[in-house]
Amino acid sequence: MQNNQFKPFSNFATPFTIGLQLLGENNVFQPDQKFEKYLAEKQSLFESSPDEVFQAEADTLEAQNEVLDFVLTRISMGNNQGKSPKTIHCPISHNTYNRTDYSDRPLMLASLLVQDDLVIMRRKANNWHLVAASLCFPSSWNLAEKFGKPLVEIHRPVPGINDGLDPMINRIFNNLQPDTPVWRENWSFYGDDELRHDSVESNRQAKGEHAILENDTFIRREYQTLHKLPISGGILFTIKILIEPLDIIAHQRNPAKIATLLLGQIESMNKAQLQYKRLDKNLTYLRNYLRPLSET
């Protein structure tokens, strides 16, 4: 586990590129200088609104404990916590937890050790269902609305889901192996830097969740990983939220490369994709900002 060295762009060879890539064994959880902020918000949500941020089917305890052991293995990095310790120490926050206090929700404890949200998928019949989740920082979706549903229902609002995208996602899940975890990036723009954007899909467009303000624009990125759980057979889906003001690009070591990659992704989108990300009404502003940077 890296020690607060995660950078918003330099940790990605090709930022903003959407597509699965193989994940290195020790690159799963990458804490940064905002770890304490994320953890404090998680703890507050677990105390004030536990049913909104944590749900699990009754028969998922084995998978939840497997995820907790998985997390402990990756964050201990030589601290010799061992497998299934009773007392758990987080090397980043330095908080200590009693495992028995979370015996009925070990996934919640796992989530308190990392910045990421943690989701467990299980195959039922011919599809993968969301069966457990510690989800504090959704990006314009709602855990209650998606819980227990198969991938096709979870991804229904995504453009192209009915044009072959859903079968492709299912094949990826079906073929994933424990020794070949993968990662991908997703991104969008928001008008604030709030971590939690919890809304039902039916209200998403009407509320303008992705609306941006020209003087207050933030890039919201998701560092997502997929891991096949060898014991329970489920899949762990991790989501780390990265939020930075748009103008941070100009202060990177390679602003031209970053701006070119982002502008290329935007220009490659069709009308439906632009509308889904609510970029259609902000194209002029984004182009006017990114093009000069890409030419430096």
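Derivation of every value follows stated rules applied to the coordinates shown; laboratory data play no part. Since the structure is predicted, the reported quantities are computational estimates derived from the model, not experimental observations. Cβ coordinates were reconstructed from backbone atoms using ideal geometry, including for glycine residues, and neighbour counts include every protein chain displayed.
Which far-off residues, 5 or more places away or on another chain, put their amide H under 5 Å from the one on TRP141, with H placed in the peptide plane?
SER199
When the Karplus curve 6.51 cos²θ - 1.76 cosθ + 1.60 is applied with θ = phi - 60°, which whole-Hz ³J(HN,Hα) does each residue of segment 236-247 get, with x for Gly and Pro?
Rounded to whole hertz, the list is 8, 10, 10, 9, 10, 8, 10, 10, 9, x, 3, 6.
Which whole-Hz ³J(HN,Hα) couplings does segment 281-288 yield from phi under the Karplus relation 6.51 cos²θ - 1.76 cosθ + 1.60, θ = phi - 60°, glycine and proline marked x?
The phi angles translate into 8, 10, 4, 4, 4, 5, 4, 5 Hz.
Place +1 on the Cβ of every Lys and Arg and -1 on the Cβ of every Asp and Glu in segment 252-296, take the dipole about the Cα centre, and give the residue among THR284, LEU262, GLN273 whose Cα lies farthest towards its positive end.
GLN273
Between VAL182 and residues 5 or more places away or on another chain, which pairs have amide H atoms under 5 Å apart, with H built 1.01 Å from N, and which residues are they?
LEU23, LEU226
Please list, by residue number, every one of the trypsin sites (Lys or Arg not before Pro) in segment 45-135 that is coil in DSSP and has at most 15 other beta-carbon atoms within 10 Å.
Here the trypsin sites (Lys or Arg not before Pro) that fit, given the DSSP loop and packing criteria, are LYS83, LYS86.
Given H placed 1.01 Å from N in the peptide plane, which residues other than close sequence neighbours of PHE189 have an amide H under 5 Å from its amide H?
ARG220
Residue by residue through segment 146-156, what is 3J(HN,Hα) from phi via Karplus (6.51 cos²θ - 1.76 cosθ + 1.60, θ = phi - 60°)? Round to whole Hz and write x for glycine and proline.
9, 4, x, 8, x, 4, 4, 7, 4, 9, 3
Most exposed first by the Cβ proxy, i.e. fewest other Cβ within 10 Å, how do ASP193, ASP51 rank?
Details: ASP193 12, ASP51 8.
Neighbour counts put them in this order, fewest first: ASP51, ASP193.
Cα-Cα over 20 Å: which of LYS124/LYS149; LYS34/LYS277; LYS37/LYS240; LYS124/LYS240?
Result: LYS34/LYS277; LYS124/LYS240 exceed 20 Å.
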